[in-house]
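To start, the structure itself, in structure tokens.
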Amino acid sequence: MAFSSGSTGGPMANINVTPLVDVMLVLLIIFMMTAPILSYPIDIDLPQRSLNPPPTTVEPPPPIRLRVDASGQVFWNDSPTPLSALRNMMETEVQRDVNNQPTLEIDVNEDADYGILAKVLASAKNAQMIKIGFVKK
């Protein structure tokens, strides 16, 4: 007898989980198909392998220390600099030696306006600066 349990003769109290498993498998397939669509690609310029690497005996230039304080004032190697002059100064540094650029070390106060940092980074990008780092204190 399919509906009796042992010798008691009463109905079985087991739950049929087959429909539940079927629904879960369908949901799993739906989520697996939609998950790759939700990712957004980010363009990154990765370094390419070179068969002839540049000589490493060249001494790197001293880094440029760029500091943004809480009031939004920008300091180029500890001297106050207007934001409008940054791009020209960066372009001058890049043009000295395009293959051996100085590292731009940016130190930003945590209370500084993000718009100032965005303008500094835009100036660095427009000046073709490659080596940009952030200083954490």
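Going by the structure shown, is I106 in a helix (DSSP H, G or I) and in contact (Cβ under 8 Å) with a residue 40 or more places away in the chain? So I106 fails the test. Report whether or not L66 is among the hydrophobic types (A, V, I, L, M, F, W, C) and assigned to a loop (DSSP other than H, G, I, E, B). Criteria not met by L66.
Scanning segment 107-135 for residues that are charged (D, E, K, R) and either surrounded by fewer than 17 Cβ atoms within 10 Å (Cβ to Cβ) or in contact with an Asp or Glu (Cβ under 7 Å, 6 or more places away or on another chain) (or both) turns up D107, E110, D111, D113, K125, K131. For the structure I just gave you, tell me whether L104 is surrounded by 17 or more Cβ atoms within 10 Å (Cβ to Cβ) and over 30 Å from P53 (Cα atoms). So L104 does not fit the description; no.
Here is a yes/no grid of residues against (1) of a type in the set (A, V, I, L, M); (2) at pLDDT below 90; (3) under 23 Å from K136 (Cα atoms):
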position: S4; (1), (2), (3): no, yes, no
position: N16; (1), (2), (3): no, yes, no
position: M33; (1), (2), (3): yes, yes, no
position: N77; (1), (2), (3): no, no, yes
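Looking at R87, R49, just one residue is part of a helix (DSSP H, G or I), basic (K, R) and either modelled with pLDDT under 90 or in contact with a helix residue (DSSP H, G or I) (Cβ under 7 Å, 6 or more places away or on another chain) (or both), and that residue is R87. Applying a threshold of 6 Å to beta carbon distances and a minimum spacing of six or more residues, or different chains, the list of pairs starting in segment 120-136 at a residue that is at positive phi and ending at one that is in a loop (DSSP other than H, G, I, E, B) and surrounded by fewer than 19 Cβ atoms within 10 Å (Cβ to Cβ) is empty.
The values are calculated or read from the model by the stated rules, or taken from the named source; none is laboratory data. Keep in mind that this is a model prediction, so the values were computed, not measured. So basically every Cβ, Gly included, is an ideal-geometry build from the backbone, and we count neighbours across all protein chains shown.
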